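My questions will all concern the structure given below.
The values are calculated or read from the model by the stated rules, or taken from the named source; none is laboratory data. Quick caveat: nothing in here was measured; it's all calculated off a predicted structure. Cβ sites come from the backbone with ideal geometry, for glycine too, and all protein chains shown count toward neighbours. Only protein heavy atoms, including side chains, enter the accessible area calculation; ligands, DNA and RNA are left aside. Shrake-Rupley method; radii C 1.70, N 1.55, O 1.52, S 1.80 Å.
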Amino acid sequence: MSSNHNADVGIIGGTGLYDPNFFKYIKQVRLETPYGETSDLITLGDCMGTPIAFIPRHGKKHTIPPHKINSRANIWALRELGVTRILSPSVVGSLKKELKPGDIVVSDQFIDFTRKRDYTYYEDGQICHISMADPFCPELRDIAIGCIKNLDYDVHIKGTYLCIEGPRFSTRAESIFYKDVLGADIIGMTLIPECILAREAQLCYVSIAMITDYDVWSDSPVSTKAVLEVLNRNIERSKKIISSIASTIPAERNICNCSRALEGALI
């Protein structure tokens, strides 16, 4: 990968967060990758002195469904630009009554229920058994939690993110199974394989999940309309959270082991 250093922090914007107007715009770039095209042009900018690279996960017009997102290209391109930290805002459903629409969850674990995605960079000639015991950067998690608390938003400092294939929503039976049998806290469609590839690329990664609805284990079936209504009311909060985190991240990575994730992982 190139040593070009155009950005320090990468932001992969989730549903509703397509317009990176929460930081100073500089330019847009298109990077060729060995894995095809990124979700859209990458916007480079500045957030209170921190160089930023922004990719809209589903494309600016939300034309890419969850199972078709080219996460290998997105992560590869961010690292090519010099990114070492990735902030991953997303929207999720709640599998617990106490996790309310509008709340923020900084996940510490995930369960993978996806089926047919590109999960690794190591497929031809070398195998990588990357450790995902603790899948998110502990330093970024602490920074994110502190920033969200300082903004006085409701934040849950732990949570298991169940990632399903999509693009359909769950049946009621599936939702009850995820809630009662698996014990997951939130449900979404985009975390995997994004966070796995970030670990293989030795990048720090944190998931900042905004709850938009109770999943269908509850009385009211989830709908796209209901999700978007909550999302639109909270877009400005999301931008404040991401800006606060991005501008707080220190230059050096001295606390976590993310930069050494491949040690002992390659065969």
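Using the scaling law 2.2 N^0.38 Å as the reference, what is the normalised Cα Rg of the chain?
Normalised by 2.2 N^0.38 Å, the Cα Rg of the chain equals 0.94.
Another question about this same structure. Sort the following peptides by mean Cβ neighbour count (other Cβ atoms within 10 Å, averaged over residues), highest first: 128-140, 228-240.
Ranked by mean Cβ neighbours within 10 Å, highest first: 128-140, 228-240.
Using a/c under 1.5 as the rounded threshold, could you call region 223-267 rounded, prolate or oblate? The axes a ≥ b ≥ c are square roots of the C-alpha gyration tensor eigenvalues, and prolate needs a/b larger than b/c, oblate otherwise.
oblate
Can I ask one more? Positive end of the charge dipole of the chain (Lys, Arg +1 and Asp, Glu -1 on Cβ, about the Cα centre): tell me which of Ala198, Tyr121, Ile55 has its Cα farthest that way.
Of the listed residues, the answer is Ile55.
In region 113-168, what is the volume of the convex hull around the alpha carbon atoms, normalised per residue and reported in Å³?
Looking at region 113-168, the number lands at 138 Å³ per residue.
Suppose the chain between Leu262 and Lys97 were pulled fully straight at 0.36 nm per residue; how much longer would it get relative to their current alpha carbon spacing?
55.6 nm
Expressed in nm to one decimal, what extension gain is obtained for the pair Lys60 and Phe177 from 0.36 nm per residue of sequence separation less their Cα-Cα distance?
Between Lys60 and Phe177, full extension yields an extra 38.7 nm.
What net charge is computed for the residues neighbouring Lys116, neighbours being all others with C-beta under 11 Å from the C-beta of Lys116, Lys and Arg scored +1, Asp and Glu -1?
+1
Additional query: How far apart, in nm, are two points set 7 Å out from the Cα along the Cα-to-Cβ line at Arg168 and at Val230?
Label at Arg168, label at Val230, 2.2 nm between them.
With n ≥ 4 as the cut-off for DSSP H runs, can you work out [θ] at 222 nm for the chain, using -39500 (n - 2.57) per run divided by the number of residues, rounded to the nearest 500?
-7000 deg cm²/dmol
In percent, what relative contact order does the chain have, based on Cα pairs under 8 Å that are 6 or more apart in sequence?
Value for the chain: 26 percent.
Hey, any idea what % of the chain's accessible area is carbon plus sulfur with a 1.4 Å probe?
50
Right, another one. Taking only protein heavy atoms into account and a 1.4 Å probe, give the accessible area per residue of region 107-176 in Å².
56
Same structure again: What percent antiparallel are the DSSP beta bridges of the chain, to the nearest 5?
35
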